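Below you'll find the structure, written out as structure tokens, and then a few comments.
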Protein chains: 2
Amino acid sequence: MTAAPKGNLVVGQSGGPTQVINQSLVGVIEEALKHDVFDEIIGAINGFAGILNRDFVDLRRESPETLEAVAATPGAALGSCRFKPKDEDCEEVFEIFRELNVHYFFYIGGNDSALAAAILNKIARDRNFDLRVFHVPKTIDNDLLVTDHCPGYGSAAKYVASSFIGSDMDNRALPGVKIDICMGRTAGWLTASAACARRGDSDGPHLIYLPERPKSLTEILDDICAVHESNGRCTVAISEGVVGPDGFEMISSPVIADELKDLGMDTILESVTVMGAVEIAAGGAAFDAFGHSQLSGSGALGDFFANALKIYWHRRTNKKLRIRADTLGYAQRSFAGYVSKVDADEARLVGQEAVKHSINGEICGSVALRRIGNGENYFSEPFLADLGEVAGLGKPKKDQFRPVPDNFINENGNGMTQAFVDYALPLLGGLPPKGILKAAPLHHKPTSAH
Amino acid sequence: MTAAPKGNLVVGQSGGPTQVINQSLVGVIEEALKHDVFDEIIGAINGFAGILNRDFVDLRRESPETLEAVAATPGAALGSCRFKPKDEDCEEVFEIFRELNVHYFFYIGGNDSALAAAILNKIARDRNFDLRVFHVPKTIDNDLLVTDHCPGYGSAAKYVASSFIGSDMDNRALPGVKIDICMGRTAGWLTASAACARRGDSDGPHLIYLPERPKSLTEILDDICAVHESNGRCTVAISEGVVGPDGFEMISSPVIADELKDLGMDTILESVTVMGAVEIAAGGAAFDAFGHSQLSGSGALGDFFANALKIYWHRRTNKKLRIRADTLGYAQRSFAGYVSKVDADEARLVGQEAVKHSINGEICGSVALRRIGNGENYFSEPFLADLGEVAGLGKPKKDQFRPVPDNFINENGNGMTQAFVDYALPLLGGLPPKGILKAAPLHHKPTSAH
């Protein structure tokens, strides 16, 4: 620890925006405004990219009213980027920071942003450059290491759970199979939050699939058919990152491709070829670095399951089935006007805390959350975690994030446990009520005809 | 007008559920509970289908608490159906109603439901069967004839506008082209509501396409490229029912197919063939009654535009463009916990009004809304409209709904006018605030280095 030097502060935002990332930005600004140690409070437009482009704004000139309105607005008010700095980028940042007398850097973002901050921090230490580097956490994916949960998750999870309450009530009214694809490429936290929509035994989602549990296509189709056969309908939550038995994403998994051939559903695979051709025509590549086809259609995964189920069910029953698939899309992270208050408050807090730590002698760190009480007594407190540890610095990519733990996933790998719901529900800050008619049969003879 | 006979009441719900259709159901029930003329208050499960199956529930046995919770819940609490009754179905309904002493029938739904009620009513009059038939309006499509607007629209429009506020802020943070496909097959009302998300000149959606204005693909692609070239980004709202120059839905329009061939984008068409093959494998048909291919993938239309734009932009600039497409999906009509209070109140009111009319001597009708004040003084009043007129009874299908009028659509046919926003905004019952940083450049030299 060293005494906090007087100097300027730079704050930036990075990665996918969320509904509450601007709360954290405003938390940083409002706390910084309280302390004389900061001269300029500078915003970097589009994160690291903005620093390198010297694209800076003067955040002291924002009114309190604007800041409060920004805090309540989704997106990333300073603009975002996806940028992994190389050594030479860091050197350039130091040069610019030295010139501008910047001694404080706050980076608001998820895993990649923590890593970018950790890299910058490490090189600053190596070069003896007096820069305090703090990562302010946000990610709807909830997959940062160390922390109990991540700001941004609660609001996204509230959106997903509310969407499933509605989706399942719709499916009750016009019964069939409804498949909703949720965000979360590497970890299933957000998809899992759909479980919070369940209240009674008949409520959906009836099945939930996460990337943490590899599945064959047949396993998933058999599950859906079984639920539909016993319930007369089925609501399903599937993570966009769901993987086949070989660990590759379902739609580009060689094992799943073989399974489709065995099932005689080659037609479904043709769409992969089509998308590859489009990528080539647009100057891209049909296959990624690992040789897997890039199928990135917005509804591709939902259609993949819906089409497979359509054929599978028809063969099994010789009947048609009402099947609908939706991909919940960007609204999960950006829907305006519907946030978790718990989440919004925590997002504001982690921004404020990062600034407090920076002037209390800490050199670097990531603000994490520790859960104190749960259920109706839910309460969390912030603490400063090791930046390198949160970023998974030096670890292989696959160990840089936190998957959903085993005790949160049911035995069949197709649903969540009560332990998960107990964990997640307080973060959503309340869900809308769900009313269902008692629907007592009209069993007595009505009054006789006139 | 004849005196209201003492007897039983049947209420049913029909068509696509909405966020507030249960308000109307509860409006019918709570009003009916006040009047001695009704003996049983009977719910038909799944609308007409439930009547024919004698699948009835006793709505007097629901507690006020349950009813209030149901009113606030999306879906259709009695279950829904899509059913156009034939003459013989109506005869069977009369037989069942006669047996059960039913003299009042309330049908909550959209265009098809109004038509079903009108058919039943007409035959009841022909047969001299003493049945009072009332249509209670709901549709997120807002395309019923006669009424100023339809219960269900305000909440769906609020969802769409809030989604676009978020979608556009996200697109501001990570700039590119964002295409969102909105519901509304025949009329563009719901897609149009995206315009309510705009506050300032830089706000999206920058382009809005409705079925009311046929477009070539090139017109749409050129529009998007032009906006992106001047703004550095573009947010687009497209109705799922958007049509080509020949009036056929974009993705199955022969004229658009020719255009794609001329553009050398045949690859995009291949996905149509793939989907056709899947339909056949699932026991369906690759082509509909008109010989058009059935491309019903959940994200198909969004991907269609995204893929075409990807290729088009690459040819034009030799660069890649960040393009994302979402299909807003069923959440538009079913998202839980986020409704327009104006809409919820009106939905309740039309249910109550229908019952009042039925005992005030009216034989049949549809409850419509008339706008009295607008803007901050918005106010509406219900009135009883002619059932046959609302249903478009005897009119060709295409004249049974109300399209968005010309003065609501801009000259280029790619956006809405202020007159539309003035019409729609009061129905949404408020939208979340949108805060944008002033972002004053850091123009003065920061303090010198220490």
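The values are calculated or read from the model by the stated rules, or taken from the named source; none is laboratory data. In this text, all values refer to a predicted model and were calculated from it rather than measured experimentally. Positions of Cβ are backbone-derived with ideal geometry, glycine not excepted, and every protein chain shown enters the neighbour counts. Protein only, heavy atoms only, side chains kept; ligands, DNA and RNA dropped before computing areas. Shrake-Rupley method; radii C 1.70, N 1.55, O 1.52, S 1.80 Å.
For A:ASN142, the criteria (1) on the phi > 0 side of the Ramachandran plot; (2) more than 25 Å from the chain's Cα centre (by Cα) hold in every case but one, which is (2). Annotation note: of B:GLU31, B:GLU40, the sole residue that is touching a residue at least 12 places away in the same chain (Cβ under 8 Å), within 16 Å of B:ASN8 (Cα to Cα) and part of a helix (DSSP H, G or I) is B:GLU31. Of the residues making up region A:33-76, those that are within 22 Å of A:ALA118 (Cβ to Cβ), within 8 Å of another protein chain (Cβ to nearest Cβ) and touching a helix residue (DSSP H, G or I) at 6+ places or on another chain (Cβ under 6 Å) are A:GLY43, A:ALA76. Within region A:355-370, being under 19 Å from A:LYS122 (Cα atoms) and not charged (D, E, K, R) holds for A:HIS357, A:SER358, A:GLY361, A:ILE363, A:CYS364, A:GLY365, A:SER366, A:VAL367.
Can you tell me which residue among B:VAL11, B:VAL57 is closer than 18 Å to A:LEU442 by Cα, open to solvent by less than 30 Å² (accessible area, probe 1.4 Å) and under 26 Å from the mean Cα position of the chain (by Cα)?
Just one listed residue meets the conditions, B:VAL11.
Out of everything in region A:43-54 that is part of a loop (DSSP other than H, G, I, E, B) and of a type outside the set (D, E, K, R), what residue ends up being nearest to the chain's Cα centre (by Cα)? Restricting to residues being part of a loop (DSSP other than H, G, I, E, B) and of a type outside the set (D, E, K, R), the top hit is A:ASN46. The residues on offer are B:VAL404, B:VAL367, B:VAL390, B:VAL355, and the sole one that is in contact (Cβ under 8 Å) with a residue 60 or more places away in the chain, open to solvent by less than 70 Å² (accessible area, probe 1.4 Å), under 30 Å from B:VAL236 (Cβ atoms) and of a type in the set (Val, Ile, Thr) is B:VAL404. All of (1) away from every other protein chain (no Cβ under 14 Å); (2) surrounded by 20 or more Cβ atoms within 10 Å (Cβ to Cβ) hold for A:GLY337 with one exception: (1). The set of residues in region A:409-450 being modelled with pLDDT of 95 or more and open to solvent by 80 Å² or more (accessible area, probe 1.4 Å) consists of A:GLU411, A:ASN412, A:GLN418.
Within region A:83-105, being touching a residue at least 40 places away in the same chain (Cβ under 8 Å), away from chain B (no Cβ under 13 Å) and either assigned to a helix (DSSP H, G or I) or open to solvent by 70 Å² or more (accessible area, probe 1.4 Å) (or both) holds for A:ASP89, A:GLU92, A:VAL93. Among the residues of region B:124-133, is any open to solvent by 20 Å² or more (accessible area, probe 1.4 Å) and under 19 Å from B:SER366 (Cβ atoms)? Yes; the residues of region B:124-133 include at least one that is open to solvent by 20 Å² or more (accessible area, probe 1.4 Å) and under 19 Å from B:SER366 (Cβ atoms). Filtered by the rule that a residue be open to solvent by 70 Å² or more (accessible area, probe 1.4 Å) and at pLDDT below 95, region B:63-82 gives a lone residue, B:ARG82. The C-beta contact set for region A:131-147 (first residue under 22 Å from A:ASN8 (Cα atoms), second residue in a loop (DSSP other than H, G, I, E, B) and of a type in the set (Ser, Thr, Tyr), distance under 8 angstrom, 6+ apart or interchain) comprises A:PRO137/A:THR147.
With open to solvent by less than 30 Å² (accessible area, probe 1.4 Å), of a type in the set (D, E, K, R) and not in a helix (DSSP H, G or I) as the only criterion, which of B:ASP203, B:ASP168, B:ASP246 stands out?
Result: B:ASP203 is the single residue among B:ASP203, B:ASP168, B:ASP246 that is open to solvent by less than 30 Å² (accessible area, probe 1.4 Å), of a type in the set (D, E, K, R) and not in a helix (DSSP H, G or I).
What do you reckon, is B:ALA237 small (Gly, Ala, Ser) and over 23 Å from B:ALA157 (Cβ atoms)? When the stated conditions are applied, B:ALA237 does not pass them.
Here is a yes/no grid of residues against (1) of a type in the set (Val, Ile, Thr); (2) touching a Lys or Arg at 6+ places or on another chain (Cβ under 9 Å); (3) at pLDDT 95 or above; (4) open to solvent by less than 10 Å² (accessible area, probe 1.4 Å):
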{"site": "A:MET1", "(1), (2), (3), (4)": "no, no, no, no"}
{"site": "A:PRO5", "(1), (2), (3), (4)": "no, yes, no, no"}
{"site": "A:PRO17", "(1), (2), (3), (4)": "no, yes, yes, yes"}
{"site": "A:GLN23", "(1), (2), (3), (4)": "no, yes, yes, no"}
{"site": "A:VAL28", "(1), (2), (3), (4)": "yes, no, yes, yes"}
{"site": "A:LEU33", "(1), (2), (3), (4)": "no, yes, yes, no"}
{"site": "A:PHE38", "(1), (2), (3), (4)": "no, yes, yes, yes"}
{"site": "A:ILE41", "(1), (2), (3), (4)": "yes, yes, yes, yes"}
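Once region B:170-215 is narrowed to residues that are at pLDDT below 95 and among the hydroxyl-bearing types (Ser, Thr, Tyr), the residue that is nearest to the chain's Cα centre (by Cα) is B:THR186. In region A:106-113, the condition of being part of a strand (DSSP E or B), surrounded by 21 or more Cβ atoms within 10 Å (Cβ to Cβ), in contact (Cβ under 8 Å) with a residue 40 or more places away in the chain and hydroxyl-bearing (Ser, Thr, Tyr) is met by at least one residue. Only residues that are modelled with pLDDT under 95 and touching an Asp or Glu at 6+ places or on another chain (Cβ under 7 Å) were counted in region B:112-158, giving 1. Among the conditions (1) of a type outside the set (A, V, I, L, M); (2) at pLDDT 95 or above; (3) touching a Gly at 6+ places or on another chain (Cβ under 8 Å), the only one that B:SER271 does not satisfy is (2). Taking the listed residues A:GLN400, A:GLN352, the one that is under 30 Å from A:LYS122 (Cα atoms) and at pLDDT below 95 is A:GLN400, with no other qualifying. Quickly run through region B:28-53 and pick out the residues that are of a type in the set (Asp, Glu) and closer than 25 Å to B:GLU91 by Cα. Hits for region B:28-53 are B:ASP39, B:GLU40. Within region A:119-135, can you find the residues that are in a loop (DSSP other than H, G, I, E, B) and polar (S, T, N, Q)? Hit for region A:119-135 is A:ASN128, nothing else.
Within region A:173-194, is even one residue in a helix (DSSP H, G or I), open to solvent by 10 Å² or more (accessible area, probe 1.4 Å) and either closer than 12 Å to A:VAL404 by Cα or in contact (Cβ under 8 Å) with a residue 12 or more places away in the chain (or both)?
no
Checking each residue in region A:307-324 for being within 7 Å of another protein chain (Cβ to nearest Cβ) and open to solvent by less than 10 Å² (accessible area, probe 1.4 Å) picks out only A:ILE311.
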